[in-house]
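First up is the structure itself, then whatever we jot down about it.
The values are calculated or read from the model by the stated rules, or taken from the named source; none is laboratory data. Predicted model only: the values in this text are computed from it and were never measured. Every residue, glycine among them, receives a Cβ derived from its backbone with ideal geometry; neighbour counts consider all protein chains shown.
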Amino acid sequence: MMFRGICLLTATLVVCTSLGGSSPSEASEPFDELLALLEPEAAHLLLQSRDQANQQLWNSAAQSYSDAAKIDQRVVACAVGDGMAAALSRVHNNGADAMSVGSAWRIRALDELNAVLAQAPDDVQALTERALLFQAVGAYDHAIDDLNRAAEISGDPDVDVLRSRALLVSSKRFQHEFSKLAYAEILPEPLTDEELHLLFVEPLELIKNARTRGAEGIVVEITLALALVNNHLTDDRERDLSEAIAALDRAEALLPETMGGNNVEHKIVASVFFFRWRLRSEPDDGEGAMSDLEKQSERLSAPNTCDAA
């Protein structure tokens with residue numbers, strides 16, 4: 001059951017955390033399509049960021065990523081994979097409506113944030129922004145360190161939402177590696193109790209605690225659903241699946257009647273309906289699953305502004 005759950009989670013997280021899709025080292029057609037849309041200098045910097053991330057030069061990768069985003073905002077608003085995780089998180093963290101992405105984002109580069117933190121090491125906004133930059137290029141340990149520090153200082157429930165999302169992406173990446181080893185019939189190293197808790201339990205504890213303390217919105221409900229499905233240490237899988245579907249029902253209720261064409265909005269809608277379709281398919285709720293596919297197709301039929309150069 002655990003192995004089947006891991007395979008299911010790997011599939012759903014590609015959309016829902018895209019929310020951390022492919023790793024920085026994996027080339028992808030959507031990434032190439034994004035490059036074709038961008039201003040040439042932004043495309044060059046984004047490619048440079050990916051190459052630096054492949055070499056685990058995290059500071060350089062984050063700097064190049066933020067420099068690219070300052071030239072062309074579509075680096076964030078239309079990004080795929082791990083960049084999308086930063087986009088969704090940034091929308092939520094800025095207190096904006098999760099379904100509207102303003103045109104006036106100003107993404108501070110890593111050297112700016114480092115300069116701020118050198119003078120004010122307890123600046124929660126700078127810590128959070130730096131964490132999102134690190135997460136965008138795959139430096140999850142760095143991101144989680146900054147978010148843990150921000151949470152310790154502020155106690156802000158929105159920071160716990162971001163912490164939960166960062167841990168979920170880390171968990172997905174671990175499970176992806178686990179699946180590869182399993183298919184290769186290689187016995188993975190056993191995890192310690194502490195590692196198991198961090199991967200499967202803490203993301204759920206964080207998002208539940210954040211909701212209790214006032215965090216709300218579409219991204220929060222999607223994150224709760226992800227964390228429920230991610231918890232492979234649960235003693236009641238059926239209950240958790242039911243709660244995850246209920247969270248996505250609440251997310252659907254928050255969707256506006258009409259949407260603009262922004263890619264972040266489309267990704268959020270896809271997250272709600274595609275993820276709920278997968279969950280309903282597991283207990284074989286064929287009618288509900290088919291309804292979600294139809295809704296996803298209908299809601300995503302709006303033009304996508306990220307498709308226009």
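A few remarks follow.
- On the stretch given as segment 192-211, residues that are touching a residue at least 40 places away in the same chain (Cβ under 8 Å) and surrounded by fewer than 23 Cβ atoms within 10 Å (Cβ to Cβ) total 2.
- Test: residue in segment 21-42 that is in contact with a Gly (Cβ under 9 Å, 6 or more places away or on another chain) and modelled with pLDDT of 80 or more: no
- Scanning segment 212-243 for residues that are of a type in the set (D, E, K, R) and either under 19 Å from ILE268 (Cβ atoms) or touching a residue at least 12 places away in the same chain (Cβ under 8 Å) (or both) turns up ARG213, GLU216, GLU221, ARG237, GLU238, ASP240, GLU243.
- Of all residues in segment 203-235, those that are more than 18 Å from ARG280 (Cβ to Cβ) and either of a type in the set (Asp, Glu) or out of contact with any helix residue (DSSP H, G or I) (no Cβ under 9 Å at 6 or more places or on another chain) (or both) total 3.
- All told, SER171 meets the bar of being buried (at least 24 other Cβ atoms within 10 Å of the Cβ), out of contact with any Gly (no Cβ under 7 Å at 6 or more places or on another chain), modelled with pLDDT under 90 and closer than 23 Å to PHE134 by Cα.
- Only one entry of GLU177, GLU152, GLU189, GLU185 meets the criterion of being surrounded by fewer than 18 Cβ atoms within 10 Å (Cβ to Cβ) and either within 17 Å of the chain's Cα centre (by Cα) or within 22 Å of LEU127 (Cα to Cα) (or both), and that entry is GLU152.
- All helices (runs of 4 or more DSSP H) inside segment 50-98 with 3 or more residues being surrounded by 20 or more Cβ atoms within 10 Å (Cβ to Cβ) and at pLDDT below 60: 82-93
So that you can scan it fast, the table gives a plain yes or no per residue for (1) in contact with a Leu (Cβ under 7 Å, 6 or more places away or on another chain); (2) assigned to a loop (DSSP other than H, G, I, E, B); (3) farther than 19 Å from ALA61 by Cβ:
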residue	(1), (2), (3)
GLU112	no, no, no
ALA115	no, no, no
ARG130	yes, no, no
HIS142	no, no, no
ARG163	yes, no, yes
VAL169	yes, no, no
